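The structure appears below as structure tokens.
The values are calculated or read from the model by the stated rules, or taken from the named source; none is laboratory data. Small disclaimer: the values here were computed from a predicted structure and weren't measured. Don't worry about glycine lacking a Cβ; one is built from the backbone with ideal geometry, like all the others, and counts go over all protein chains shown.
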Amino acid sequence: MPANRSRTDRWRQSLEKIRSRGGGLEFTVNNKSDTQGDDSKNLVWRVRLLDYDDDTITLEHPGSMGLSFHIEPETPLIGIISVGQNRWMFHTKSISSSKQRSGNGPFKVLKVYMPEKVERCMRRNFDRTSTARVDLPTVNVWPLLNHASAGPVEIASRMMIEQLREQGTTASPGFDPQMLPEVGPRFEARLANIGGGGVGLVVDKENRAALDSVHLFWLSVNLLPAVPAPLVMVARMAHTHIDSQQNTYAGLAFDFSQSTDHKHFVVTQIDRFIRDSQTQARKAA
């Protein structure tokens, strides 16, 4: 049996490895339609795998910084299993959200259907298979040179997004040079996933050196049209590793020390994007 076929057939063993070490899976709303030219983006969340049986998978509920993202029952999802350099994707649907209790108090869980099969991703196309596609949002990234300069720009950004939403319009998907704190040279990344307190970025090997210059970054995330202007925030480098294609996966922790108001605003906008993706998914079904 070919090695890749063997690994795919043993994907349930990979689930057990992930559960035993307290690891996680990644999920996104399957908001793609069969229409040619569908350019909708996917926001991937990473959550801990708690349990599974023949029919269901129980997960830590997706959320960030204390806010749970709303997931409707029967929402079509794409699940992602990663073990080392091996990656599989599968289709599933949400079943229900509920609260459970542990020694640390109540916590929220999400149940999804156990897939009948998974498909292995090729290394050069780690975010797509023959039946599933994940398109990651673009992130503009700058080394942040003066942390205090970020606060006024965060306020201006919130005001602009709220004004655009009232007007029913959207801004350019790019960035406004006038809406920047004191930063270094810009580079681009892709938003690989969002977790409880930060984000994972995929940075092409050409821009790897930019990650070594500082540990604090200014991010501008394109979540159009759900969020009518790029969503900006400060994040601090937590860890990095290099994948098989020599690109860098960078884990960054949110830094809202300049404004707790901006923390609530950012999480609310992410929740809005996920709700909007579910609306798209229902239309595409």
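Output yes when any residue across region 215-225 is farther than 19 Å from residue 272 by Cβ and outside any strand (DSSP E or B), and no when none is. Show your work before the answer.
Taking region 215-225 and keeping what is farther than 19 Å from residue 272 by Cβ, we get 215-218.
With the extra rule that they be outside any strand (DSSP E or B), the set shrinks to 215.
Yes; the residues of region 215-225 include at least one that is farther than 19 Å from residue 272 by Cβ and outside any strand (DSSP E or B).
With the condition kept exactly as written, say whether any residue in region 101-109 is modelled with pLDDT under 90, assigned to a loop (DSSP other than H, G, I, E, B), more than 23 Å from residue 272 (Cα to Cα) and not β-branched (Val, Ile, Thr).
Scanning region 101-109, I find at least one residue that is modelled with pLDDT under 90, assigned to a loop (DSSP other than H, G, I, E, B), more than 23 Å from residue 272 (Cα to Cα) and not β-branched (Val, Ile, Thr), so the answer is yes.
Hey, any hits in region 178-185 for a residue that's assigned by TED's automatic domain parsing to the domain that holds residue 151, assigned to a strand (DSSP E or B), more than 23 Å from residue 75 (Cα to Cα) and out of contact with any Cys (no Cβ under 7 Å at 6 or more places or on another chain)?
Within region 178-185, one or more residues are assigned by TED's automatic domain parsing to the domain that holds residue 151, assigned to a strand (DSSP E or B), more than 23 Å from residue 75 (Cα to Cα) and out of contact with any Cys (no Cβ under 7 Å at 6 or more places or on another chain).
Would you check which residues across region 82-113 are touching a strand residue (DSSP E or B) at 6+ places or on another chain (Cβ under 6 Å) and among the aliphatic types (A, V, I, L, M) and list them?
89, 95, 109, 110, 112
Inspect region 207-216 for any residue being surrounded by 21 or more Cβ atoms within 10 Å (Cβ to Cβ) and either touching a Phe, Trp or Tyr at 6+ places or on another chain (Cβ under 8 Å) or in the same structural domain as residue 166 (by TED's automatic domain parsing) (or both) and give the result as yes or no.
Checking region 207-216: not a single residue is surrounded by 21 or more Cβ atoms within 10 Å (Cβ to Cβ) and either touching a Phe, Trp or Tyr at 6+ places or on another chain (Cβ under 8 Å) or in the same structural domain as residue 166 (by TED's automatic domain parsing) (or both).
If the requirement is being assigned by TED's automatic domain parsing to the domain that holds residue 42 and either more than 22 Å from residue 24 (Cβ to Cβ) or without any contact (Cβ under 8 Å) to a residue 40 or more places away in the chain (or both), which of these qualifies: 105, 168?
It is 105.
Which residue out of 236, 208, 186 is without any contact (Cβ under 8 Å) to a residue 60 or more places away in the chain and under 20 Å from the mean Cα position of the chain (by Cα)?
On inspection, the qualifying residue turns out to be 236.
For region 87-113, give me each residue that is over 30 Å from residue 206 (Cβ atoms), buried (at least 16 other Cβ atoms within 10 Å of the Cβ) and not charged (D, E, K, R).
First, pick out the residues of region 87-113 that are over 30 Å from residue 206 (Cβ atoms): 90-113.
After this cut, where a residue has to be buried (at least 16 other Cβ atoms within 10 Å of the Cβ) as well, the list is 90-92, 94-95, 97, 109-113.
Once the filter is applied, which keeps residues that are over 30 Å from residue 206 (Cβ atoms), buried (at least 16 other Cβ atoms within 10 Å of the Cβ) and not charged (D, E, K, R), region 87-113 yields 90, 91, 92, 94, 95, 97, 109, 110, 112, 113.
Go over the candidates 138, 169 one by one and state the one that is polar (S, T, N, Q) and closer than 20 Å to residue 43 by Cα.
Of 138, 169, the one residue that is polar (S, T, N, Q) and closer than 20 Å to residue 43 by Cα is 138.
What single numbered condition from (1) under 18 Å from the mean Cα position of the chain (by Cα); (2) assigned to a loop (DSSP other than H, G, I, E, B) fails to hold for residue 241?
Against the list (1) under 18 Å from the mean Cα position of the chain (by Cα); (2) assigned to a loop (DSSP other than H, G, I, E, B), residue 241 comes up short only on (2).
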